[in-house]
Every structure is written in structure tokens, then in C-alpha cells.
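Visitor: Please find one structure pasted underneath; my questions will follow.
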Amino acid sequence: IQSIWYQGGYPEPALKGSKEFYLQWMENYESIYIHRDIAKLYPRLNKVAYQRFLTMLCKLSGTVLNKSDIGRALEISEGSIREFLNIADGTLLWRQLPSYEKSKVKSIVKMPKGHIRDTGLLHTLLLITDEQQLFVNPIVGHSFESFVIEEIIKGIQSTMLTHWSYYYYRTRAGAEIDLILEGPLGTLPVEIKYGSTTNMRQLKSLQNFVIENELPFGVRVNQSKAPCWLSPHIFQLPANYL
């Protein structure tokens with residue numbers, strides 16, 4: 001799972017098995033698809049500003065976005081940031097998760113959260129060239145979270161089930177849940193952690209959400225070795241079971 005997470009989901013570079021081929025393929029993908037093809041789709045696009053924006057977006061992958069702060073940092077308007085986000089989302093580079101606002105708790109953070117969809121591309125754009133560099137990079141936790149979210153969403157999509165929605169949840173008091181699945185079978189909150197062990201205090205947000213919204217249970221995904229119940233309300237699922 002470490003290799004799949006590092007390399008991302010594009011089949012050709014992963015199946016070839018050569019690190020040299022993988023790095024060359026990802027570099028070509030960046031230069032051809034992101035810089036050439038997207039520029040053709042949007043001929044009026046400021047390519048220099050957009051490339052700077054993508055680099056910052058990679059560093060903010062997995063976090064709540066403040067468009068005003070990003071605009072000030074890049075010295076471009078909030079409107080341009082909004083346009084760049086729409087381009088990244090529309091060209092399948094970025095997945096935007098809206099805030100879950102149906103909770104009984106009212107103090108909800110409503111700013112959008114999102115991530116680079118493919119972790120291989122994320123690592124390429126951040127110049128992370130092997131797994132060891134990834135494991136010591138500050139992005140490691142958010143990268144793993146994005147990887148798991150995409151695997152869950154792809155898994156649901158592969159079943160051909162329809163009418164599923166995906167959200168994140170965060171309160172102004174700091175309680176946060178990485179993914180809320182909502183569909184015909186009900187609502188399922190999912191908390192994702194890079195580590196392999198669970199501190200029960202870390203489960204407080206998830207457990208409170210389950211109880212407050214009268215749900216049957218929530219799921220904790222991490223790198224543990226075996227699935228098990230951590231409490232009557234929380235089920236632990238190792239990421240490799242996805």
C-alpha cells in the first residue's frame with residue numbers, strides 16, 4: 001500500500017515497475033497535460049500565475065482553503081483564485097469537498113476543503129521523488145488522507161451506486177471529520193489517520209458526531225494490521241482493506 005499511495009493511480013507508470021520510467025512519465029504528464037493542454041482549453045489563462053497557484057494548492061492539499069489568504073500570498077485577486085479552483089476541479093486535478101451542514105451542531109466551518117486527486121501527481125508537483133522523502137515531508141498526513149478518500153470514492157463509484165455525496169466536517173471549536181459519506185444507505189462519517197495506532201482521545205470528534213446525529217457507527221481508517229471495534233460506535237479499518 002505504501003508504493004500505491006506514493007505512486008498514485010495512473011496505471012501505466014505504476015505497472016511498468018521502473019522508477020526511472022515512473023519519474024519520466026509523471027514529468028511528461030505535468031508538462032503536457034497541466035501546462036500545455038490546460039493552456040489550450042483556457043487560452044486567456046495566466047499560465048505563470050496558474051502554475052504558482054498549483055504549487056501552493058499542492059501544499060494546501062487536504063486543508064480548509066481561505067481564498068483571500070491565497071490571493072494575498074500570490075498577489076492576485078480572490079476572483080482569480082476562484083477561477084483557478086474551478087479550472088483545477090473541472091480538469092480533474094482537484095477534488096473539492098463541501099462542508100457538511102446537516103449536523104445538529106450549528107457552529108460549522110463552511111469554507112471548502114479539497115485535495116489533489118492523484119497522490120502521485122501531488123508528490124511530483126512537490127518534487128518528492130521517493131517514498132522516504134514522502135515519509136519525512138510535512139504533507140505526509142494530508143497526502144495519506146487524500147489517498148484514502150479517493151480510494152473510498154472510487155470504490156463507491158465502481159459499484160455503480162448513484163446519489164452519493166461526499167463532505168467534510170469541521171466545527172469552529174476544532175472538531176473535525178475527514179469524510180462524510182451520504183447516500184441511499186444512510187450517513188457514514190470516516191476519520192483517517194496516517195499512523196497505525198489509535199489514541200482513544202483522538203476518537204472524540206468522531207464518536208460525538210455519531211452520537212449527536214444518531215448514527216449506527218463511524219469508521220476510523222489507518223495503517224493498523226487488523227479490523228476491529230475500537231468502541232461500540234467506532235470501527236477500525238486498515239487502509240489496505242480498501
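The values are calculated or read from the model by the stated rules, or taken from the named source; none is laboratory data. Predicted, not measured: the structure shown is a model, and the values here were computed from it. Every residue, glycine as well, gets a Cβ built from its backbone with ideal geometry; the counts of neighbours run over all protein chains shown. Accessible surface is based on the protein model in full, side chains and every heavy atom, while ligands, DNA and RNA are left aside. Shrake-Rupley method; radii C 1.70, N 1.55, O 1.52, S 1.80 Å.
Visitor: Towards the positive end of the charge dipole of the chain, with charges on Cβ (+1 Lys, Arg; -1 Asp, Glu), say which of I149, M111, T162 has the farthest Cα.
Guide: M111
Visitor: Per DSSP helix of 4 or more residues, -39500 (n - 2.57); summed, then divided by the residues of the chain. What does that give at 222 nm, rounded to the nearest 500?
Guide: Per the formula, -12000 deg cm²/dmol.
Visitor: What figure in square angstrom, to the nearest 10, would you give for the accessible area of Y241 with a 1.4 Å probe?
Guide: The value for Y241 is about 130 Å².
Visitor: A further question follows. Give the aspartates and glutamates whose C-alpha is closer than 18 Å to that of K102, dropping any in the same chain fewer than 8 places away, or say none.
Guide: E176, D178, E182, E191, E212, E214
Visitor: Separate question: What does the charge dipole of region 150-242 about its Cα centre add up to, to the nearest 20 debye, if the Cβ of each Lys and Arg holds +1 and the Cβ of each Asp and Glu holds -1?
Guide: It comes to approximately 300 debye.
Visitor: Can you work out the FRET efficiency for the pair S196 and K102, with r the C-beta to C-beta distance and R0 = 35 Å, to the nearest 0.05?
Guide: 0.60
Visitor: Taking θ = phi - 60°, what integer Hz values does the Karplus form 6.51 cos²θ - 1.76 cosθ + 1.60 yield along region 107-112, in sequence order, with x for Gly and Pro?
Guide: So the J values, rounded to whole Hz, are 7, 9, 6, 9, 6, x.
Visitor: If you don't mind, there's one more thing I want to ask. Can you sort L121, L161 by solvent-accessible area, 1.4 Å probe, largest first?
Guide: L161, L121
Visitor: Let me ask another. Scaled to the compact-protein estimate 2.2 N^0.38 Å, what is the alpha-carbon radius of gyration of region 101-167, rounded to two decimal places?
Guide: Cα-based Rg divided by the globular estimate yields 1.41.
Visitor: What angle, in degrees between 0 and 90 and rounded to the nearest 10, separates the Cα long axis of helix 47-59 from the longest principal axis of the Cα atoms of the chain?
Guide: With both axes taken from Cα atoms, the answer is about 30 degrees.
Visitor: Under a point-charge model restricted to the Cβ atoms of Lys and Arg (+1) and Asp and Glu (-1), what is the dipole moment magnitude of the chain relative to its Cα centre, in debye to the nearest 20?
Guide: The calculated dipole for the chain is roughly 520 debye.
Visitor: Classify the chain as rounded, prolate or oblate from the Cα gyration tensor: take a ≥ b ≥ c as the square roots of its eigenvalues, call it rounded if a/c is under 1.5, otherwise prolate when a/b beats b/c and oblate if not.
Guide: It is oblate, given that a/c is not under 1.5 and a/b is not larger than b/c.
Visitor: Mind telling me which of S224, S146, S68 comes out most flexible in a GNM of the chain, alpha-carbon contacts under 10 Å?
Guide: S68
Visitor: Continuing with this model, one more query. With a 1.4 Å probe and all protein chains left in place, how much of the accessible area of the chain comes from carbon and sulfur atoms, in whole percent?
Guide: 54
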